[in-house]
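The structure appears right after this line, and notes come after that.
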Amino acid sequence: MRAGQYQDLSDLHSEGLALTASYVFADAEDAAEKFAGRRPGNVYVRFSNPTTAAFEQRIAAMEGADAAVAVGSGMAAYTAVALGLLSAGDHVVLGDGMFGTTPRFFRTYMEKFGVSVTIADVRDLGQWRAAVRDETAMFVLETPTNPMMHVADLRALSALAAERGIVLVVDNTLCTPVLQNPLALGADLVIHSAAKYIDGQGRCGGGVVAGRTDLLKPVAEVLRTAGPSPSAFNSWVFLKSLETLPIRMREHSRNATLLAEWLEEHPAVEEVYYTGLEKHPQRELVDAQQSGHGGLVSFTVRGDQRDAWNVVDNLSLISVTTNIGDTKSMITHPASTTHGRMSLYEKERAGIAPNLLRVSVGLEDVSDLMADLDQALRTVDARSS
Ligand SMILES: *Cc1c(COP(=O)(O)O)cnc(C)c1O
C-alpha cells in the first residue's frame with residue numbers, strides 16, 4: 001500500500017486519522033462495484049473518509065438517529081439539506097431569532113432558485129399554522145434561540161409538520177445532543193455547527209446533519225456532487241472532543257446558571273435572559289424538552305450602547321469575540337456585531353437592544369467570571385451616578 005492511500009475502514013483503527021485523498025481498490029471489479037454504490041466502501045475524499053465515518057456514527061448514536069452526514073461547516077449542513085431536499089416552487093418556514101447567516105442563506109440563495117421563505121416566531125404555534133401552504137416542504141428552527149432564549153415547542157411543531165408532510169429541521173448547536181434530542185421529540189433532521197460546543201475549544205470548523213436514512217441519502221449525494229465535504233483532520237479533533245462533551249455541557253450549564261442568577265441581583269443589570277432561570281417565561285416547556293441550559297447568557301446593562309461597550313472594554317478574563325461554545329468565556333455586543341446587519345426595526349422586533357450583551361460562559365472558576373464582570377459593571381454605575 002502506498003503511503004496516504006488506505007484500502008478501507010479495515011486498514012485503520014476507526015479513531016485514527018486517515019489522511020488520504022483516494023483509496024486503493026482490490027481489483028477492477030471492486031472499483032466498479034464501489035463506484036456504482038453496489039458495494040460499500042471508500043472511493044474518494046469528497047465522498048467519505050473512515051475518520052469522518054467514526055465521527056458520524058458517534059453523533060448519530062448521541063442524537064438517537066439512524067445515521068449522520070458530516071460536512072465542512074454548519075452552513076454547509078444547511079446547504080446540503082436545502083440542495084438535497086428542496087426544489088423550485090417549495091416553501092420553507094424559518095424560525096425567527098436564528099443564527100444570522102441561516103436566514104441570509106435561504107433568502108440570498110434558495111429564493112434565487114424559486115424557494116420561498118416565511119419567518120415565524122418560534123414561541124407561537126399559530127404563526128406556523130398560518131404560514132403553512134400546500135407547497136410548504138420544510139420547517140427550520142433553533143431552540144432555544146440566541147441571544148433572546150426563546151423556546152420552540154418541538155412536540156407541537158413536529159405534530160403540525162407530520163400532519164402536513166413537512167420535514168422538520170432543528171439546529172441543535174446550542175444544546176448539543178447532551179442537553180436536547182430533537183429527534184426524540186419528533187424532528188426529522190438535526191443540524192449542528194461543530195465549531196461550537198462539539199469542538200469546544202475553538203480549533204476547527206465543521207458541521208453535521210443527523211436523522212432518518214431516507215432523508216440523509218439525498219443530503220450525502222450533495223457532498224459527492226456539490227462538494228461541501230469535511231476535513232478528516234477536523235473529524236478526528238471532533239471525535240476526541242465528543243469524549244468530553246457530556247461533562248463539558250454539564251459544567252457550562254452549571255457555571256452559566258450561577259452567573260445568570262448572580263447577574264439578576266446585580267444593580268447595574270436590567271434584565272437577564274437564560275432558560276435556566278426560574279422566571280424564564282417558558283419554564284415548563286424548557287423543563288419538558290431540555291435536560292440542561294447550556295452556556296449562553298444574555299443580559300441588558302442599565303444605560304445605553306455606550307454603557308454596554310464600556311462593560312465589554314473593561315473585561316480582562318472574558319474575551320471579546322463573537323464565537324460561542326469554547327471552554328473560555330467570551331462576550332459579544334449583538335446589536336453591533338452578530339446582528340449588526342439588521343435594520344433598527346428588525347432589531348427592535350427581535351429584542352436586540354443597544355444595551356444587550358451575550359456571554360458564552362466557559363469553564364473557568366465562576367467566581368473569577370463574577371469578579372471580572374463585577375469590576376466591568378462598576379463602570380456603568382460610575383457613568384450613571
Ligand atoms: C455558528 C452557527 C451556525 C453556522 O455554523 P458554521 O460552522 O459557522 O458554518 C449555524 N447555527 C448556529 C446555531 C450557529 O451557532
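The values are calculated or read from the model by the stated rules, or taken from the named source; none is laboratory data. On a predicted model such as this, the values are computed, not experimentally measured, just so you know. Cβ: placed from backbone, ideal geometry, glycine included. Neighbour counts: every protein chain shown. Please note that ligands, DNA and RNA were not included when accessible areas were found on the heavy atoms of the full protein model with its side chains. Shrake-Rupley method; radii C 1.70, N 1.55, O 1.52, S 1.80 Å.
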(message) Of all residues being in contact with an Asp or Glu (Cβ under 9 Å, 6 or more places away or on another chain) and among the hydroxyl-bearing types (Ser, Thr, Tyr) in segment 241-274, which is farthest from Gly205 (Cα to Cα)? Just the residue, please.
(response) Tyr274
(request) Any chance you could count how many residues in segment 100-125 are under 26 Å from Leu285 (Cβ atoms) and either open to solvent by 40 Å² or more (accessible area, probe 1.4 Å) or not in a helix (DSSP H, G or I) (or both)? (result) 10
(request) Return a yes/no flag: does segment 105-118 have any residue that is free of Cβ contacts under 8 Å to residues at least 24 places away in the same chain and more than 16 Å from the ligand (Cβ to nearest atom). (result) yes
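Taking segment 265-291 as the search range and keeping residues that are part of a loop (DSSP other than H, G, I, E, B) and open to solvent by 60 Å² or more (accessible area, probe 1.4 Å), which one is farthest from Asn172 (Cα to Cα)? Spell out how you get there, then give the answer.
Start the filter on segment 265-291 by keeping residues that are part of a loop (DSSP other than H, G, I, E, B), which leaves 266-268, 274-282, 290-291.
Those still in the list that are open to solvent by 60 Å² or more (accessible area, probe 1.4 Å) too: 267, 278-279, 281, 291.
Numbers: Pro267: 34, Glu278: 23, Lys279: 23, Pro281: 21, Ser291: 13 Å.
Top of the filtered list is Pro267.
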(message) For segment 174-183, give me the residue count where each residue is open to solvent by 10 Å² or more (accessible area, probe 1.4 Å) and not in a helix (DSSP H, G or I).
(response) 2
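Out of everything in segment 25-45 that is in a helix (DSSP H, G or I) and open to solvent by 60 Å² or more (accessible area, probe 1.4 Å), what residue ends up being nearest to Glu221 (Cα to Cα)?
Among those that are in a helix (DSSP H, G or I) and open to solvent by 60 Å² or more (accessible area, probe 1.4 Å), it is Phe35.
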(message) Just to verify a result, which residue in segment 204-233, among those that are within 16 Å of the ligand (Cβ to nearest atom) and part of a helix (DSSP H, G or I), is nearest to Asp188 (Cα to Cα)?
(response) Val219
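Taking the options Gly325, Gly292, name whichever one is within 16 Å of the ligand (Cβ to nearest atom) and within 26 Å of the chain's Cα centre (by Cα). Give the steps one after another, and end with the answer.
Working: Gly292 fails: within 16 Å of the ligand (Cβ to nearest atom).
Of the residues listed, the single one that is within 16 Å of the ligand (Cβ to nearest atom) and within 26 Å of the chain's Cα centre (by Cα) is Gly325.
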(message) Return the residues of segment 184-195 that are crowded, with 24+ Cβ neighbours inside 10 Å and within 11 Å of the ligand (Cβ to nearest atom); say none if nothing qualifies.
(response) Ile191, His192, Ser193, Ala194
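Among the residues of segment 218-248, write down those that are free of Cβ contacts under 8 Å to residues at least 60 places away in the same chain and over 20 Å from the mean Cα position of the chain (by Cα).
First, the residues of segment 218-248 that are free of Cβ contacts under 8 Å to residues at least 60 places away in the same chain: 225, 234, 237, 240-241, 243-244, 247.
Hit for segment 218-248 is Thr225, nothing else.
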(message) Among the numbered criteria (1) open to solvent by 10 Å² or more (accessible area, probe 1.4 Å); (2) within 14 Å of the ligand (Cβ to nearest atom); (3) closer than 30 Å to Phe233 by Cα, which one does Ala82 miss?
(response) (1)
(message) Exactly one of these conditions fails for Thr332: (1) of a type outside the set (A, V, I, L, M); (2) touching a residue at least 40 places away in the same chain (Cβ under 8 Å); (3) open to solvent by less than 10 Å² (accessible area, probe 1.4 Å). Give me its number.
(response) (2)
(request) Have a look at Trp309, Trp262 and point out the one that is open to solvent by 20 Å² or more (accessible area, probe 1.4 Å), touching a His at 6+ places or on another chain (Cβ under 7 Å) and not charged (D, E, K, R). (result) Trp309
(message) Exactly one of these conditions fails for Gln375: (1) under 24 Å from the mean Cα position of the chain (by Cα); (2) of a type in the set (S, T, N, Q); (3) surrounded by fewer than 18 Cβ atoms within 10 Å (Cβ to Cβ). Give me its number.
(response) (1)
